[in-house]
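The next block holds one structure in the form of structure tokens; read it before the comments.
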Amino acid sequence: QTVFVSGASGFIALHVVNDLLESGYKVIGSVRSQQKADRLLKQFNNHKNLSLVIVSDIAQLGAFDDVFEKYGEEISIVLHTASPFHFSTTEYEKDLLIPALNGTKGILESIKKYAASSVERVVVTSSYAAVTDFAGDSDKTKTFTEESWNPVTWEEAKKDPYTAYYGSKTFAEKAAWDFLKENKDKVKFKLTTVNPVFVLGPQLFDENVSANLNTSCQFINDIVHSTPETELDKNLFGGFIDVRDVSKAHQLAFERDDLIGQRLILSEGRFTMQDFADIINEDFPKLKGKIAVGKPGSGQDLLKSIAKLDNSKTKRLLGFKFRSLQETVDDTVSQILKAEHK
Ligand code: NDP
């Protein structure tokens, strides 16, 4: 079976591609440039089951047309992971909202045009950002589940980069479910979404470790490169999940029929920056005295005043145990230190 993975060079997608190849699937991945394609093929030792195509900008509707016109009949599974995940822009519509929305709409339209009868399963990498909003997640009277939706409007999403990213994931996921409703007689595929909280864990390849990691791993990278004087952000919290579990969930999401139509919230718990610092200081004696310490043990205070995330349905459906905070932080830090020869 051939799986198409959009955004194959991404932090999460690299793990997904690797797991798929190890499971014997043929993979066609999209990347934004020939340079990225060459690098990736080399990293995967020119694996015989991996081929790459160039899709330079998913903001362009029709960006996936050529790929599906050429390979559509061969592709039975589509994993759409490509979407901008960063906060470093002031052009929120252009750089976050439109690429996310058009990327999802565009890939589904291309399937409809060229692969309506061959693509059987589609998995969209959505996010917990499509489940909750900022204010809601800080409201301790609230509980978020697989049924919850971020209520953000397009206008609100144009206000700041964080709301824009949350909006981008919300509008893109909604577009996918709406597309299926409107086209259920015209396409064959079944849809599942994967909605991770902040994804942590090692980069698939050690050589991808750099001063600036992908947005979620950068929280940990910042602490590894902090000084004893660095103040930890006392208000920052989030959910965590290990990238290796996110990858596994993407594969199960299309392999298993009981996951059709589900939104899978991937989370193993909540974290604060203090929790990261506590684990790193405890588990990496060589960093002791060199990095931020904060107020050890105080992370839980913040977590008492936030909303509840209840993803027990997803955990029951997936049926495997997610990695702990300690394991994901330790493996992230070990790789950074190894890459920096520390
Ligand atoms: P990365 O930034 O590593 O991956 C994003 C991928 O999307 C990259 O391959 C990137 O290509 C590609 N991409 C972004 N914008 C465009 C565009 N305009 N045209 C074509 N390709 C584009 O992040 P992650 O691996 O973390 O994210 C993967 C997915 O998971 C995203 O959909 C993200 O929203 C979602 N997610 C991530 C979470 C996390 O904590 N990491 C949490 C929840 C959801 P390039 O690198 O070449 O720019």
Candidate set: the range 214-257, residues that are of a type in the set (Gly, Ala, Ser) and out of contact with any strand residue (DSSP E or B) (no Cβ under 8 Å at 6 or more places or on another chain); chosen: the one nearest to VAL78 (Cα to Cα):
SER247
Output the number of the condition that LYS26 fails; it satisfies all remaining conditions of (1) more than 15 Å from the ligand (Cβ to nearest atom); (2) in contact with a Lys or Arg (Cβ under 8 Å, 6 or more places away or on another chain).
(2)
Members of the range 65-95 found to be of a type in the set (A, V, I, L, M, F, W, C) and either in a loop (DSSP other than H, G, I, E, B) or open to solvent by 40 Å² or more (accessible area, probe 1.4 Å) (or both), listed by number
ALA82, PHE85, PHE87
Would a scan of the range 305-318 turn up a residue that is within 26 Å of PHE205 (Cβ to Cβ) and either among the basic types (Lys, Arg) or in contact with a Pro (Cβ under 7 Å, 6 or more places away or on another chain) (or both)?
no
Counted residues, the range 239-284 - those being within 12 Å of the ligand (Cβ to nearest atom) and on the phi > 0 side of the Ramachandran plot
0
In the range 260-296, what residues are over 17 Å from the mean Cα position of the chain (by Cα), over 17 Å from ILE336 (Cβ atoms) and among the charged types (D, E, K, R)?
ASP275, ASP278, LYS295
What are the residue pairs meeting all of these: first residue in the range 272-292, first residue without any contact (Cβ under 8 Å) to a residue 40 or more places away in the chain, second residue open to solvent by 10 Å² or more (accessible area, probe 1.4 Å) and among the β-branched types (Val, Ile, Thr), Cβ atoms under 8 Å, and 6 or more apart or on different chains?
ASN281/VAL293
Restricting the search to the range 211-224, which residues are more than 14 Å from the chain's Cα centre (by Cα) and in contact (Cβ under 8 Å) with a residue 60 or more places away in the chain?
ILE220, ASN221, ILE223, VAL224
The residue that is nearest to the ligand (Cβ to nearest atom), considering only those in the range 38-60 that are closer than 15 Å to PHE205 by Cα and hydrophobic (A, V, I, L, M, F, W, C), is LEU40
Taking the range 12-64 on its own, how many of its residues are in a helix (DSSP H, G or I) and among the polar types (S, T, N, Q)?
4
Filter the range 99-158 down to the residues that are within 15 Å of the ligand (Cβ to nearest atom), in a strand (DSSP E or B) and either open to solvent by 10 Å² or more (accessible area, probe 1.4 Å) or farther than 13 Å from THR170 by Cβ (or both) and list them by number.
VAL122, VAL123, THR125, PHE144
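The values are calculated or read from the model by the stated rules, or taken from the named source; none is laboratory data. All values reported here derive from a predicted model rather than from experimental measurement. Every residue, glycine as well, gets a Cβ built from its backbone with ideal geometry; the counts of neighbours run over all protein chains shown. Areas reflect the complete protein model, heavy atoms only, side chains present, ligands, DNA and RNA absent. Shrake-Rupley method; radii C 1.70, N 1.55, O 1.52, S 1.80 Å.
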